[in-house]
Amino acid sequence: MDEPTDALLNLTPLDGRYAARLAPLRGIFSEFGLIRRRFLVEVAWLEALCAEPGIPEAPALDADERAWLERLAETFSPDDARRVKVIEATTNHDVKAVEYVLKEKLAGTPLAGRAEFVHFACTSEDINNLAHALMLRDGLAVLRAAQRDLTGALAALAREHAAQPMLARTHGQPASPTTLGKELAVFVHRLSRLGSQIDAVELPAKLNGAVGNYNAHLAAYPAVDWEALARRVIEGRFGLRQNPLTTQIEPHDGMAELFDALCRWNTVLLALDRDIWSYISAGYLGQQPVAGEVGSSTMPHKINPIDFENSEGNLGLANALLGHLARKLPVSRLQRDLTDSTVIRSVGTAFGHSLLAALATRKGLGKIRVNPGRLDADLDQAWELLAEPIQTVMRKAGLPNPYERLKALTRGQSIDADAIRAFIRSLDLPPADQARLLALTPASYIGLAPQLARRAQA
C-alpha cells in the first residue's frame, strides 16, 4: 500500500511511529488486505462452480482461462482496491462492490458469459468469513515467526548460562539458589508449549449461504452436492476447516480459541519482561550500550530497559483487544447481527501490538549482558540458604528438631560461611553426609538446574 502522505497525522502509532516495524502486516490486515482476500475468495468460488459438472450453465474453464483467472487474483493491486472503494461509495456495500469489480474484469473476455456466477448463491458473510480466516492465517505466519525467533534466542541464552548460579527469590526474598539459565529455560518451555497451542488452532470457514442451509443453492441446482463443493474450496483450495453447521455467519469460535491462545502466550511474555527488568534492576544483567542512544535527558550514565518496558506496554494493549475479541465474536443475536463486523476490524490492531511486543523483547534480549560478579556476590552474602539442605540431611539422619534448630540459627540472622560450617561440625552425622554439607556453598547448591537449562529448546 502507499505510504500515508504525512505520518504525523496518523491516528494510531501503529501506522505512525511503529509503521516501519509493522510493514509485514500492512498488506494483510489493512483495508487493501481485506479487499484483496475477498477478491481471491470470489475468484476461487467462480472457478469451483465452473468445475462442477452439475452446473452446465457455468462451463468448465480451459487451461488458459484458469491461468488468466489465477493471474487476475494474484495481481490484484491497490488500484483495483481503489476501484472497489469507488463502487462502494454508490452501493454502500463493500462485498457487493468486490463482486462488481470482478464482473468488470470479466467483461469483454471469453469469461464474460460466466459473470452471473460471480458471488452465485453467496451471502456476504460467505466471502467475509473466508477472507478473515485467510488474513488470520497469513498474519499468524508473520507473528509466529517473530515469536519463534524470540523463543529461540531465549533458549540459546538459557543454554549459554545454564550453570551460572543465581540467588532465587520467592515473595521477593532470598530463596534456594538456582541458575540464570534454568530460570530462562522455564520461560522457553512455557512459550514453546503455548506456541504449540496456537499452531493447533483450526480456522473454520463456511460457504453455505444466507442462513447456513444452502437454500438458494438447492433452489437452482438440487442435484449438486453443495456441501462437498464448498469443502473443496474451503479445505482443498484454502487449507482451512469447513464448519458444517452455522447461521448466516461462521460463529467465530475458532477465532476465539486463537485469540485466547495468543493472550496466554502474550501473558507469559509479559511475565518474562518483568523478570528481565528486575534482573537488570538488581544488576544481575546489564545492557550493551547503543551508539548515539540516550537513556536519560539529564543522567548521562543511564541505559534504561526500554525494550522490555515497550514490550510490556504493547502486550497490555494487545491482550485488552484479544480478550474482547475472544469474548465478543462468538456472540451474535439469533442468526446474526453486525456487532461482529464492528469489532473484527480491530484484529489487525491486536496483531500489531503483539508483534511489536515480540520484536521489542527480542531486541532487548540481544542487548543484555550477564554480570557474573554481581550474581556471585549476592549468593556469597546468603549462606543462610544452606539451612534447607542441612535440615534435610538432619531429617535423613534422624536428628531431633532439625527444622526448628535451623530456624533458630538462621531466621532473621546474618550468617556467614564460618557459622554454617561450625554448626555442621557440631552435628552427629555420618561422615560422608557431613563432608558433603561442609563442601556445599550457596553457589554450588543448585541441584539439577544446569542439566534442566541445557534442555531448553524452542
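When restricted to residues that are closer than 25 Å to residue 181 by Cα and surrounded by fewer than 11 Cβ atoms within 10 Å (Cβ to Cβ), region 422-443 contains 1. The set of residues from region 137-153 being crowded, with 22+ Cβ neighbours inside 10 Å and either among the charged types (D, E, K, R) or out of contact with any Ser or Thr (no Cβ under 7 Å at 6 or more places or on another chain) (or both) comprises 139, 147. Of all residues in region 167-209, those satisfying the criterion of being out of contact with any strand residue (DSSP E or B) (no Cβ under 8 Å at 6 or more places or on another chain), surrounded by fewer than 22 Cβ atoms within 10 Å (Cβ to Cβ) and polar (S, T, N, Q) are 170, 173, 192, 196, 197.
Does region 37-50 include one or more residues that are among the aromatic types (Phe, Trp, Tyr), surrounded by 20 or more Cβ atoms within 10 Å (Cβ to Cβ) and modelled with pLDDT of 95 or more? Spell out how you get there, then give the answer.
Going residue by residue through region 37-50, those that are among the aromatic types (Phe, Trp, Tyr) are 39, 45.
Then keep just the ones that are surrounded by 20 or more Cβ atoms within 10 Å (Cβ to Cβ); that gives 39, 45.
If we keep only those that are modelled with pLDDT of 95 or more too, we end up with 39, 45.
Yes; the residues of region 37-50 include at least one that is among the aromatic types (Phe, Trp, Tyr), surrounded by 20 or more Cβ atoms within 10 Å (Cβ to Cβ) and modelled with pLDDT of 95 or more.
Which members of region 327-340 meet the condition of being without any contact (Cβ under 8 Å) to a residue 60 or more places away in the chain and not β-branched (Val, Ile, Thr)? Spell out how you get there, then give the answer.
First, pick out the residues of region 327-340 that are without any contact (Cβ under 8 Å) to a residue 60 or more places away in the chain: 328, 331, 333, 337-339.
Passing the criteria: 328, 333, 337, 338.
Region 188-282 holds helices (runs of 4 or more DSSP H) entirely within its bounds, and those carrying 1 or more residues that are assigned by TED's automatic domain parsing to the domain that holds residue 320, in contact (Cβ under 8 Å) with a residue 60 or more places away in the chain and of a type in the set (Lys, Arg) map to 253-281. With respect to (1) closer than 25 Å to residue 31 by Cα; (2) of a type in the set (A, V, I, L, M, F, W, C); (3) in contact with a His (Cβ under 7 Å, 6 or more places away or on another chain), the lone exception for residue 203 is condition (3). Residues that are among the hydroxyl-bearing types (Ser, Thr, Tyr) and exposed (fewer than 14 other Cβ atoms within 10 Å of the Cβ) within region 9-24 comprise just one, 12.
Looking only at residues of region 112-122 that are in contact with a Lys or Arg (Cβ under 9 Å, 6 or more places away or on another chain) and buried (at least 21 other Cβ atoms within 10 Å of the Cβ), we find that the one that is farthest from residue 96 (Cα to Cα) is 118.
Taken together, 452, 386 contain a single residue that is assigned to a helix (DSSP H, G or I), in contact (Cβ under 8 Å) with a residue 24 or more places away in the chain and closer than 30 Å to residue 270 by Cα, which is 452.
The values are calculated or read from the model by the stated rules, or taken from the named source; none is laboratory data. Everything numeric in this text was worked out from a predicted model, so none of it was measured. FYI the Cβ positions are ideal-geometry reconstructions off the backbone, even for glycines, and counts take in every protein chain you see.
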